[in-house]
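A short worksheet on the structure shown next.
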Amino acid sequence: MKLPKYALKADQSLMVYEFTSEGPKGQIQKIVKYSETNLKDLYNLAFGDKEQDTGEIDDRVISNNGDSDKVLATVVSTVYAFTEKYVDTWVFATGSTMARTRLYRMGITKYLTEIKRDFQVFGLKSDEWERFEKNTEYEAFLVKRK
């Protein structure tokens, strides 16, 4: 996606990424973390603010820093980097709340044409995976690099 993005710092494994959101509420540290699941080649994408005390992800806090498109584009850029290194992997993502899942769905919908050039995109609906369609509510998302 050709959108403004924040500069990323990644660990050597390309499993953990950090960046700083900048907006009216100041600088907010963000983390994107990929973790293995119990299914072969399936990784979970976790994202949120960095807890200052623990360094862990807080995926429940609402930052409202006025830069959601830039943050989303930055998170998507980690999916590109991750799937370039880990070929043939699937990335699973869902929001920590229904509202967050809806926000992610809206972001995917907004840039679906661009995303589909490089990824297969699926949504989970009623315990079934289907090709992602606009105007459809999903519980989770799954992407795989083409």
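ARG105 meets each of the listed conditions (1) in contact with a strand residue (DSSP E or B) (Cβ under 7 Å, 6 or more places away or on another chain); (2) basic (Lys, Arg); (3) crowded, with 16+ Cβ neighbours inside 10 Å apart from (1). Within the range 113-125, restricting attention to residues that are loosely packed, with under 14 Cβ neighbours inside 10 Å and at pLDDT below 95, the residue that is nearest to THR83 (Cα to Cα) is GLU114.
Mind listing whichever residues of the range 4-41 are over 17 Å from TYR86 (Cβ atoms), in a loop (DSSP other than H, G, I, E, B) and touching a strand residue (DSSP E or B) at 6+ places or on another chain (Cβ under 9 Å)? Please lay out each step first, then the result.
Taking the range 4-41 first, the residues over 17 Å from TYR86 (Cβ atoms) are 4-7, 9, 18-31.
Then keep just the ones that are in a loop (DSSP other than H, G, I, E, B); that gives 4-7, 24-25.
Scanning the range 4-41 gives LYS5, TYR6, ALA7.
Need at least 3 residues that are touching a residue at least 40 places away in the same chain (Cβ under 8 Å) and touching a Cys at 6+ places or on another chain (Cβ under 8 Å) per element, so show me which strands (runs of 3 or more DSSP E) inside the range 67-146 make the cut, counting only ones lying wholly within it. Talk me through it step by step, then tell me what you get.
Values: elements: 90-93, 119-125, 128-131, 140-145.
Counting at least 3 such residues, we get no strands (runs of 3 or more DSSP E) at all.
In this structure, does LYS33 turn out to be out of contact with any Asp or Glu (no Cβ under 7 Å at 6 or more places or on another chain), under 21 Å from THR101 (Cα atoms) and modelled with pLDDT of 95 or more? Yes, satisfied. Within the range 135-145, the set of residues being surrounded by fewer than 13 Cβ atoms within 10 Å (Cβ to Cβ) and modelled with pLDDT of 95 or more comprises THR136, GLU137. The single residue among ALA93, ALA73 that is surrounded by 15 or more Cβ atoms within 10 Å (Cβ to Cβ), at negative phi and at pLDDT below 95 turns out to be ALA73. Among the residues making up the range 42-56, those that are part of a loop (DSSP other than H, G, I, E, B) and surrounded by 10 or more Cβ atoms within 10 Å (Cβ to Cβ) are GLU51, GLY55, GLU56.
The values are calculated or read from the model by the stated rules, or taken from the named source; none is laboratory data. Keep in mind that this is a model prediction, so the values were computed, not measured. Every residue, glycine among them, receives a Cβ derived from its backbone with ideal geometry; neighbour counts consider all protein chains shown.
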